[in-house]
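Notes follow once the structure below has been shown.
The values are calculated or read from the model by the stated rules, or taken from the named source; none is laboratory data. Remember, predicted model here, so these are calculated numbers, not experimental data. Note that we place each Cβ from the backbone using ideal geometry, even for glycine, and neighbour counts take in every protein chain shown. Side chains are part of the model used for accessible areas, which takes the heavy atoms of the whole protein and leaves out ligands, DNA and RNA. Shrake-Rupley method; radii C 1.70, N 1.55, O 1.52, S 1.80 Å.
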Amino acid sequence: MSGFLDIIIVCVILSNFALLGSGRIHIHIRVVGMQGLLVGFLPILLGPIDQMSRNIILSLVSMGIKGVLFPILLFYTVRTVRIRREIDPYVGYPFAMVSGIAFLLISVWLSGKLVPAAAVDVHVFLLAVALSTSFVGLFCIVSRKLAISQAIGYFVFENGIWMFGSELVEGIPLLLELAILLDVFVAVFVLGIAIYQINKRFEHIDVTKIDSLKG
Amino acid sequence: MFTVGLIFLVLFPICSGLICALFKRPRTILISSFISVLIVTIVAFYLSLSIFTDQTPAMAKNSWLFLDKLSAFHLPIMTLIFLMSSFFAVGFYEIEISHYKLGVKQIRQHAMLWGGALSAMILVLLSNNLGIMWVGIEATTLLTGFLISLRTTKQSLEAMWKYIIICSVGVGFAFIGTLFTAASIKHLNLAFHDSMMWCVLKDLSSTMNPTFMKAGFLFILVGYGTKVGLAPMHNWLPDAHSQAPSPVSAMFSGFMLNAAMYCIMRYIPLIEGATQGQGWGLELLRIFGLVSIVISAGFIVFQNNVKRLLAYHSVEHLGIIAVGLGLGGAGTFAALYHTFNHSISKAFAFFAAGRLGQVYDTYEIEKIQGAAHVAPIWGTAIFCSILSLIGMAPFAIFMSKLQLLKAMIDQGSYYSLGIFIFGSATVFVSALQHAITMTWGNIDKEEATKIHSKSRAWEYLLVVFCIILLVVAGLYLPDCVIKGINEAAKTIGGGF
């Protein structure tokens, strides 16, 4: 069980670097989908042992929404706006990879600070990876110029929060978990429709050129 | 009675919004939307009054939904704002349609999203579960995004995108804060059902892990603070409030910001309990409030767009509410009183700005001159509403600001006092200048005759109602209302 958890952790770290190091939108979407599938296993691995049916339902719904539906909807959006590559981001890809390493180190340090405060056994490195995934998501929102990249960054940020929650909090009621997933699911629709409308009006989705409102 | 009532309040608006959107004519859609909001308002007022006359909070659905004095204070304010905005929307959108700016499709979109937004905000107010409260706030972000870009212009799309991204990330931070809060009681091994229930956490707050709760409160403050519009997370606010149609702007400023502030209010007793009443969390809230007041004052001086001016006023007033909450005690009372006063004033101001924008076909302050001659009732409205917002007596905001000043002096918080007075004075001078030029500025007689607008009965009704409400709330607050606000303040550890 712990071995499988370690594999998930390593794969998530590698997926973060794939996201930071690449400029191709379809790779970004595949990364988000893969991360969604990986973090979908966490309720089964980390959930309360006496509520296995709840954990399995949650895992299946989470993997279905984040691992399958998200990539389908994001690919559909990308097809309608006809974008394949990111425009030169503010931060170059090699520097972004180095930033990813920095985020991981900061996250390890931060979780080391948090964990002694906890009264129960917490998987420190999973917490660190969760934090670093959130940082990577935020970094994508800030450093990328396309609206779709900002949306993808937001979903990576959400994946990080999901991992964080799975590790830190044991028993969130199933209804609440499903409500949270529903919210994120609606978010992908809303962001997709917003990107479509922006592309229709502006004929591009470069957010640096959508900045007329000032002051 | 409460169980049925609370479930009705959550589900009815979104269902009626979808049904209203099925009608064919825009006027029918808007009037049916107004009637459904009226029904919700009546039920909300009835339930809230029952809570204030009874002593115990009402629970429903295995205590996932509840109505205590704090939510019973906010619920009537919210429904009143929605009611006034729905009433205003009928006349406002009719004119927009006649000027070919909107079509039936957008009115349908408005009706559906309006009902959805109302349902989501009611869910926020009625949730005992902190996670469901978060779900409600995230839902308001997603549902109100397309209300901003109802008229799909380049600027409204820009405002909508900024709003969705900034607020979604902010609310994501708030979720991290919620998780930290849940983690802070992990060592108590509560039943799953109780682990995120506010009523349970409030009683156990002194046993919470202080490190986790402090980290959680920081994230809550920054996260929900983004949705409130506290500086420096306020960047989405002027764009969203200025680009949205006026009924939507009135609802945004009138209650949506308060809904997010309500979420922060719910965490105050938790952080105070966890830090043994040291005021660590309150100090942070005060700092964010003061920064908001100063930054908004700066932007108000140089403002040229009337709706952006009102949006920055929202940042200032939510900052004032944050300072009040951060003082505790009588400051919490002043903050809650200010919540009501600001909501009414701001909605009123956006109604005036919206109609003047239609009359003059622009929102630029330089071009909106001499409104007292061109559209007398709305000229009066914009002047009275801005007077109210800057804290001029006898309007209500003067009284709540006075209460806050008194609370600051009583607590010896002199640096807060100094910054507050500096910010308020700056806003007073610049906004008054804008108000005077807009109402009595020089306008070409020919121009004035060309755009002169004869106001209809509904406009007189709305303006007179708002002015009376603001004057009465400022001059005479009945003892039972004072007691009610105080009891709501006591729920979060304040009050006198």
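For segment A:146-157, name all the residues that are within 7 Å of chain B (Cβ to nearest Cβ), open to solvent by less than 10 Å² (accessible area, probe 1.4 Å) and of a type outside the set (Gly, Ala, Ser).
Applying the first criterion (within 7 Å of chain B (Cβ to nearest Cβ)) to segment A:146-157 yields A:147, A:150, A:154, A:157.
Applying the additional criterion that residues be open to solvent by less than 10 Å² (accessible area, probe 1.4 Å) yields A:147, A:154, A:157.
Residues satisfying the conditions are A:TYR154, A:PHE157.
Take the residues in segment A:190-206 that are touching a helix residue (DSSP H, G or I) at 6+ places or on another chain (Cβ under 7 Å) and surrounded by fewer than 21 Cβ atoms within 10 Å (Cβ to Cβ); name whichever of them is farthest from A:ARG82 (Cα to Cα).
In this case the residue turns out to be A:VAL190.
I need the full set of residues from segment B:135-154 which are more than 8 Å from chain A (Cβ to nearest Cβ) and assigned to a helix (DSSP H, G or I), in order please.
B:GLY136, B:ILE137, B:THR140, B:THR141, B:LEU143, B:THR144, B:LEU147, B:ILE148 - these are the residues of segment B:135-154 that are more than 8 Å from chain A (Cβ to nearest Cβ) and assigned to a helix (DSSP H, G or I).
For segment A:19-37, which residues satisfy the criterion of being among the hydrophobic types (A, V, I, L, M, F, W, C) and surrounded by fewer than 17 Cβ atoms within 10 Å (Cβ to Cβ)?
Selection gives A:ILE27 alone.
Considering only residues that are surrounded by 24 or more Cβ atoms within 10 Å (Cβ to Cβ) and among the β-branched types (Val, Ile, Thr), which ones fall in segment B:297-337?
Once the filter is applied, which keeps residues that are surrounded by 24 or more Cβ atoms within 10 Å (Cβ to Cβ) and among the β-branched types (Val, Ile, Thr), segment B:297-337 yields B:ILE300, B:VAL306, B:VAL315, B:ILE320, B:ILE321, B:VAL323, B:THR332.
Just need a number here: residues in segment A:98-117 that are touching a residue at least 24 places away in the same chain (Cβ under 8 Å) and surrounded by fewer than 16 Cβ atoms within 10 Å (Cβ to Cβ).
1
Within segment B:77-87, does at least one residue satisfy the condition of being over 21 Å from the mean Cα position of the chain (by Cα) and not hydrophobic (A, V, I, L, M, F, W, C)?
Our first condition is that a residue be over 21 Å from the mean Cα position of the chain (by Cα); within segment B:77-87, this holds for none.
Within segment B:77-87, none of the residues are over 21 Å from the mean Cα position of the chain (by Cα) and not hydrophobic (A, V, I, L, M, F, W, C).
Sort out which residues of segment A:38-72 are open to solvent by 10 Å² or more (accessible area, probe 1.4 Å) and polar (S, T, N, Q), and write them in order of number.
A:GLN51, A:SER53
How many residues are facing chain A (nearest Cβ under 9 Å) and aliphatic (A, V, I, L, M) if we restrict to segment B:186-218?
Residues that pass the stated criteria total 4.
Looking at B:SER413, is it within 20 Å of B:ILE382 (Cβ to Cβ), touching a helix residue (DSSP H, G or I) at 6+ places or on another chain (Cβ under 8 Å) and in contact (Cβ under 8 Å) with a residue 40 or more places away in the chain? Even if it seems obvious, please write down each step before you answer.
Details: within 20 Å of B:ILE382 (Cβ to Cβ): no; touching a helix residue (DSSP H, G or I) at 6+ places or on another chain (Cβ under 8 Å): yes; in contact (Cβ under 8 Å) with a residue 40 or more places away in the chain: yes.
Spelling it out, it is not the case that B:SER413 is within 20 Å of B:ILE382 (Cβ to Cβ), touching a helix residue (DSSP H, G or I) at 6+ places or on another chain (Cβ under 8 Å) and in contact (Cβ under 8 Å) with a residue 40 or more places away in the chain.
Counting only residues that are facing another protein chain (nearest Cβ under 7 Å) and in contact with a Phe, Trp or Tyr (Cβ under 7 Å, 6 or more places away or on another chain), how many does segment A:159-190 have? Give the derivation first.
From segment A:159-190, those facing another protein chain (nearest Cβ under 7 Å) are A:161, A:164-165, A:168-173, A:176, A:179-180, A:183, A:186-187, A:190; that's our starting set.
From the residues that got through so far, the ones that are in contact with a Phe, Trp or Tyr (Cβ under 7 Å, 6 or more places away or on another chain) too are A:161, A:171, A:173.
Number satisfying all stated conditions: 3.
If I filter segment B:219-235 for residues that are open to solvent by 10 Å² or more (accessible area, probe 1.4 Å), away from chain A (no Cβ under 14 Å) and not basic (Lys, Arg), do I get at least one hit?
Checked segment B:219-235: at least one residue is open to solvent by 10 Å² or more (accessible area, probe 1.4 Å), away from chain A (no Cβ under 14 Å) and not basic (Lys, Arg).
Starting from segment B:155-174, take each residue that is at the interface with chain A (Cβ under 7 Å from one of its Cβ atoms) and list its partners that are outside any helix (DSSP H, G or I) and open to solvent by less than 10 Å² (accessible area, probe 1.4 Å), counting only C-beta distances under 7 angstrom and pairs at least six apart or across chains.
B:LEU157/B:SER149; B:MET160/B:SER149
Could you figure out which of (1) crowded, with 24+ Cβ neighbours inside 10 Å; (2) within 30 Å of B:TYR93 (Cα to Cα) isn't true of B:GLU364?
Checking B:GLU364 against (1) crowded, with 24+ Cβ neighbours inside 10 Å; (2) within 30 Å of B:TYR93 (Cα to Cα), the one that fails is (1).
Going through segment B:350-386 one residue at a time, which ones are under 18 Å from B:ASN442 (Cβ atoms) and part of a loop (DSSP other than H, G, I, E, B)?
Correct list: B:THR362, B:ILE365, B:GLU366, B:LYS367, B:ILE368, B:GLN369, B:GLY370, B:ALA375.
Kindly evaluate B:ALA183 against the criterion of being on the phi < 0 side of the Ramachandran plot, at the interface with chain A (Cβ under 10 Å from one of its Cβ atoms) and either open to solvent by 20 Å² or more (accessible area, probe 1.4 Å) or aromatic (Phe, Trp, Tyr) (or both).
On the way: on the phi < 0 side of the Ramachandran plot: yes; at the interface with chain A (Cβ under 10 Å from one of its Cβ atoms): yes; either open to solvent by 20 Å² or more (accessible area, probe 1.4 Å) or aromatic (Phe, Trp, Tyr) (or both): no.
Considered against the rule, which asks whether it is on the phi < 0 side of the Ramachandran plot, at the interface with chain A (Cβ under 10 Å from one of its Cβ atoms) and either open to solvent by 20 Å² or more (accessible area, probe 1.4 Å) or aromatic (Phe, Trp, Tyr) (or both), B:ALA183 comes out as no.
Go through segment B:1-53 and give me each residue that's outside any helix (DSSP H, G or I) and surrounded by fewer than 15 Cβ atoms within 10 Å (Cβ to Cβ).
B:MET1, B:LEU22, B:LYS24, B:ARG25, listed by residue number.
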